[in-house]
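I have placed the structure first, in the form of structure tokens, so that the comments after it can refer back to it.
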Amino acid sequence: MTTFRAARGTRDLLPTETPRWTALERPADDLAARYGYQRIETPMLEQTGVFERGVGEVTDIVEKELFRIAPRTEEGESWSLRPEPTAGIVRAYVQHGMQTWPQPVKLAMTGPMFRYDRPQAGRYRQFWQFDIEAIGDPGPAIDAEIIELGTRFYADAGLTGVEVQLNTIGDPACRPAYIEVLTAWYRQRTAQLPAFELGRLERNPLRLLDSKDPSMVALNGHAPRITDHLCDACAQHFAAVQEHLHVLGVPFRVEPGLVRGLDYYTRTAFEFYIAGREGQQQALGGGGRYDGLVELLGGRPTPGIGFGIGLDRLILALDEQGVTPAVAVAPVAVVVGADPDDTVGRLRIATALRAAGIPARAELGRRKLGKQLEAAARDGAHFAVILGDELASGDVQVRDLPAGSQKVVPVSGLAREI
Ligand code: AMP
């Protein structure tokens, strides 16, 4: 017989793990709402063009990692699973005429993303992101606000040592000249470039800057810096973002090699790392400004900025730091009975407790009272509600399991008592 397993690079989140996810997803929603970001949900698949245009064709995400869906119909359209949330959200912004809403439109989403990546620790083919986007504000204040939001999310989750790396990647006014300077500089050093990097040099030279190859890291330390080639507008923007971060008390480090993998970024680019872990391709999250993206996807020129925080890697990092959230999953009360056959009576009482908001389990097996009580204790319940002879006069016994004490309580006052 064939036995089936979850697809390579994907995994089941079992009940032993899901409380950790809930403990991040709920605060993510709350935090976004506190900062004025409203929930949006976009489909997990989009027309492939949304990503080819919106992420860029010469990127790892589109060239190598896109999960393309083979068309089954005559519609002739090509679809792909979303590798990141921004392009789809911006597609929705354009499609629904959000340009006419009060700007900026501030949106939040948490959900799965898909990349055909080589699976390893912290790198999956389906992973989850908490995503924030502010569309329609040119910054620089909102750039700092969003970075601060990200750092607060990590801090609230209990993670320590998170470092913000910050850079600017210029804009169409100054970046082309910088890319020329950079390309010329690499061309003078082709002997030192690994074959793979040599291949990308003519197509997307910026990507060489964030290569994790050790020989490239050493070489890149001497590469021309974008910050020395900014136009006035970009330089002022970058300085203002830093000033706002200082005032908000958000520590950051300017990292000239940070360019991010996506084509649509302009100006502000940032990533979140655990300090000391920068070399491992394991950014916890990242984001940046994408002032050209709305237009690229068919809208009016509109600035935007956002981030995507990976939840899988955050949970790994929390594990490493020994942070486990306290999430109660045990029932507060288990309803047991002296008459093993009276499942109706036990279920009725449990239903009333649940209706009153108390997590309760009814013992539905037909086993002896002693066994039922043992199971209640194993469940970690605080109270065992015991149905016995007193039920005839409208009462039940309530046993406080940790304390070992027991008393008679009228059914009508049971929820209040518990
Ligand atoms: P990126 O758009 O590549 O900067 O990704 C943003 C964040 O998503 C990263 O910092 C990671 O936390 C997370 N992420 C990206 N790719 C993966 C993956 N294959 N597996 C798990 N998390 C990922």
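Can you name the residue in region 1-42 that is within 28 Å of W79 (Cβ to Cβ) and among the aromatic types (F, W, Y) and is also modelled with the highest pLDDT among such residues?
Per the stated criteria, the residue is Y37.
Quickly run through region 153-179 and pick out the residues that are charged (D, E, K, R) and touching a Lys or Arg at 6+ places or on another chain (Cβ under 9 Å).
Once the filter is applied, which keeps residues that are charged (D, E, K, R) and touching a Lys or Arg at 6+ places or on another chain (Cβ under 9 Å), region 153-179 yields E163, D171.
Sort out for me the helices (runs of 4 or more DSSP H) sitting completely within region 43-127 that have 3 or more residues that are within 23 Å of the chain's Cα centre (by Cα) and modelled with pLDDT under 95.
48-54, 60-63
If P102 meets every condition in (1) of a type outside the set (A, V, I, L, M, F, W, C); (2) surrounded by 16 or more Cβ atoms within 10 Å (Cβ to Cβ); (3) closer than 30 Å to A235 by Cα apart from one, which number is that one?
Here P102 meets the rest and fails (2).
Within region 249-257, is there a residue that is in a helix (DSSP H, G or I) and either closer than 12 Å to N167 by Cβ or among the aliphatic types (A, V, I, L, M) (or both)?
Looking through region 249-257, none of the residues is in a helix (DSSP H, G or I) and either closer than 12 Å to N167 by Cβ or among the aliphatic types (A, V, I, L, M) (or both).
Test I146 against the criterion of being touching a Lys or Arg at 6+ places or on another chain (Cβ under 8 Å), among the β-branched types (V, I, T) and buried (at least 16 other Cβ atoms within 10 Å of the Cβ), and give yes or no.
No.
Spot the failing condition for E145; the list is (1) over 30 Å from T324 (Cα atoms); (2) modelled with pLDDT of 95 or more, and only one is missed.
(1)
Using the structure shown, decide if L373 is within 17 Å of G413 (Cβ to Cβ) and part of a helix (DSSP H, G or I).
no
Any idea how many residues of region 399-418 are under 12 Å from I349 (Cα atoms) and in contact with a Lys or Arg (Cβ under 8 Å, 6 or more places away or on another chain)?
0
Among the residues of region 70-108 satisfying the criterion of being more than 16 Å from the ligand (Cβ to nearest atom) and β-branched (V, I, T), which is nearest to G292 (Cα to Cα)?
V94
Which number in (1) in contact with a Phe, Trp or Tyr (Cβ under 7 Å, 6 or more places away or on another chain); (2) hydrophobic (A, V, I, L, M, F, W, C); (3) away from the ligand (no atom under 16 Å from the Cβ) marks the one condition that F67 misses?
(3)
Output the qualifying pairs, or none if there are none: Cβ atoms under 8 angstrom, residues six or more apart or on different chains, first residue in region 139-153 and more than 12 Å from F270 (Cα to Cα), second residue β-branched (V, I, T).
G139/V241; G139/T268; G139/I305; P140/V241; P140/T268; I142/I305; L149/I132; F153/I309
Name, by its number, the condition in (1) under 19 Å from L248 (Cβ atoms); (2) surrounded by fewer than 20 Cβ atoms within 10 Å (Cβ to Cβ) that does not hold for D117.
(1)
Would you check which residues across region 376-389 are surrounded by fewer than 21 Cβ atoms within 10 Å (Cβ to Cβ), assigned to a helix (DSSP H, G or I) and of a type outside the set (D, E, K, R) and list them?
Correct list: A377 only.
Based on what the data block shows, is E77 of a type in the set (D, E), more than 11 Å from Q47 (Cα to Cα) and surrounded by fewer than 21 Cβ atoms within 10 Å (Cβ to Cβ)?
The answer is no for E77.
Kindly indicate whether M98 is hydrophobic (A, V, I, L, M, F, W, C), in contact with a helix residue (DSSP H, G or I) (Cβ under 8 Å, 6 or more places away or on another chain) and under 27 Å from G150 (Cα atoms).
Considered against the rule, which asks whether it is hydrophobic (A, V, I, L, M, F, W, C), in contact with a helix residue (DSSP H, G or I) (Cβ under 8 Å, 6 or more places away or on another chain) and under 27 Å from G150 (Cα atoms), M98 comes out as yes.
Please specify each residue of region 253-281 satisfying the condition of being more than 21 Å from G304 (Cα to Cα), within 22 Å of the chain's Cα centre (by Cα), of a type outside the set (V, I, T) and modelled with pLDDT of 85 or more.
Within region 253-281, Y273 is the sole residue that qualifies.
Would you check if there is a residue in region 147-155 being under 30 Å from Q99 (Cβ atoms), of a type in the set (F, W, Y) and in contact with an Asp or Glu (Cβ under 8 Å, 6 or more places away or on another chain)?
Taking every residue of region 147-155 in turn, none turns out to be under 30 Å from Q99 (Cβ atoms), of a type in the set (F, W, Y) and in contact with an Asp or Glu (Cβ under 8 Å, 6 or more places away or on another chain).
Conditions tested, residue by residue: (1) in contact with a strand residue (DSSP E or B) (Cβ under 8 Å, 6 or more places away or on another chain); (2) more than 29 Å from I135 (Cβ to Cβ); (3) within 13 Å of the ligand (Cβ to nearest atom); (4) modelled with pLDDT of 90 or more.
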residue: P301; (1), (2), (3), (4): no, no, no, yes
residue: F307; (1), (2), (3), (4): yes, no, yes, yes
residue: D312; (1), (2), (3), (4): yes, no, yes, yes
residue: G322; (1), (2), (3), (4): no, yes, no, yes
residue: V327; (1), (2), (3), (4): no, yes, no, no
residue: A330; (1), (2), (3), (4): no, yes, no, no
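Say we look at region 128-171 and pick out the residues that are of a type in the set (A, V, I, L, M) and under 14 Å from the mean Cα position of the chain (by Cα); which of these is farthest from the ligand (Cβ to nearest atom)?
This residue is L149.
The values are calculated or read from the model by the stated rules, or taken from the named source; none is laboratory data. Since the model is a prediction, treat every value here as computed from it, not as a measurement. Here the Cβ is made from the backbone with ideal geometry for all residues, glycine too, and neighbour counts use every protein chain on show.
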